[in-house]
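Values in this text are rule-based calculations from the coordinates and carry no lab data. Keep in mind the model is a prediction, meaning the values are calculated, not measured. Don't worry about glycine lacking a Cβ; one is built from the backbone with ideal geometry, like all the others, and counts go over all protein chains shown.
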Amino acid sequence: MKIEITYSKHFDLILHVLAYLKVNNVSCCYCPEYIGKMAIEKRDFDYDIIPDIGLLQEYYNNNFQRTMLINFLPFFSSNFEDMKSILLGYEYFTTDDFQYFVNPFIEILNKESAFYFSYWDAIHANTTSLRNIIEPQLTNEFAKYSCVFKYYKKSLQAILSHSITKNGRGLNGIENYFTALAPLKDNVKHVFYTIFHEITHAFTDELLQNINMDDGSHAISENIVILADYYMIKAIDPSDIPNYLQWLAQPTESCLLSAFSIDKELDTKLQCLLSKIL
């Protein structure tokens, strides 16, 4: 089991841009507070992203099942140019996707990068002390759950983000790795739970046949992950349950079990899977 904690300037650029884009589901990163903060940071920058990103909003939402892949394809990239090549070469984007979303989105990235990359460098430098504290603590947290990585014969790639405004991102497409992105915060437990949540999706989503935002199956998949992590924390580090409840904004364990319930058949499948992992 190997734990890699990294940072990605070019991935963060996409997440920074997505903070300006209103999305009609829980993947939304739109954040007026962040936009207000950036307005101050960008006061001497002559490119206004808001009109351009607004032109893409309708197409993004109407074709979300494909366009949302901009949230995940960057996991496969090593730098900005590599990421753009991956987006431009993705075979499942349609001709309309390229014309009405991908190409203009990349043009926005090119323009916004003139400000964002220097901003990111400054933020990264200013968080050196925090990163030096968080990284070993995060490594220790994941070491407690080595049984998960041993069972799936995988290591962990964790990207800590300076710009994601809301939920994390996870990917199950890189061989031999669980891969996840979470916001860098000074609360190591909250960083850990976000990453743990994303990598748990990689194996609990298999309990459902299809998952999308439109039919309620995504909400069910979220409940399964929250319960799976609860059961694993309770089995491995029960003293951590109060912290997990705080992260979920749930006052008690019974409230958690009620708020994120799943049907009996799914719960049986989940318990069977966890019995193998634990």
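Before moving on, here are some points about what is shown:
- Magnitude of the charge dipole, the chain, Cβ model with Lys/Arg +1 and Asp/Glu -1, debye to 20: 760
- By the rule of a C-alpha distance below 20 Å, with chain neighbours fewer than 8 residues away ignored, the lysines paired with residue 189 are 2, 144, 166, 234.
- For the chain, the longest principal axis of the Cα atoms and the long axis of helix 128-143 meet at an angle of about 30 degrees.
- Here 276, 144 are placed in order of increasing Cβ neighbour count within 10 Å, fewest first, which gives 276, 144.
- Positive-end extreme of charge dipole, the chain - chosen from 105, 30, 178 (charges on Cβ): 178
- From phi via Karplus (6.51, -1.76, 1.60), per-residue ³J(HN,Hα) for segment 37-47 in Hz, x at Gly/Pro: 4, 5, 4, 6, 5, 9, 4, 9, 9, 8, 9
- Derived scalar couplings between HN and Hα for segment 236-248 equal 9, 9, x, 5, 8, 4, x, 5, 5, 4, 5, 4, 8 Hz in order, rounded to whole Hz, by the Karplus curve 6.51 cos²θ - 1.76 cosθ + 1.60 (θ = phi - 60°), x for Gly and Pro.
- Dimensionless Rg/Rh of segment 67-126 - Kirkwood Rh, Rg from C-alpha atoms: 1.03
- Summary value for the chain: 19 percent relative contact order, contacts being C-alpha pairs under 8 angstrom separated by 6+ residues.
- All distinct Cα pairs of segment 45-199 go into the 1/r average, and the inverse of that average, the Kirkwood radius, is 17.5 Å.
- Rg ratio (alpha-carbon, reference 2.2 N^0.38 Å) - segment 33-80: 1.47
- Cα gyration tensor shape for segment 153-278, rounded if a/c is under 1.5, else prolate or oblate: rounded
- ³J(HN,Hα), Karplus 6.51/-1.76/1.60, whole Hz, each residue of segment 196-207, x for Gly, Pro: 4, 4, 5, 6, 5, 3, 4, 10, 7, 4, 5, 6
- Taking segment 2-155 and dividing mean pair separation by its residue count, relative contact order in percent (alpha carbons under 8 Å, at least six apart): 26
- The angle separating the long axis of helix 9-18 from the principal Cα axis of greatest extent in the chain is about 80 degrees.
- One quarter of the convex hull surface built on the alpha carbon atoms of segment 113-222 amounts to 8.5 nm², the projected area averaged over directions.
- 17 Å tail of the calculated P(r), segment 8-126, as % of Cα pairs: 55
- Here the chain carries DSSP beta bridges of which approximately 20% are antiparallel, counting only pairs with both residues inside.
- Taking amide H atoms as placed 1.01 Å from N in the peptide plane, the amide H of residue 29 lies under 5 Å from those of 23, each 5 or more residues away in sequence or on another chain.
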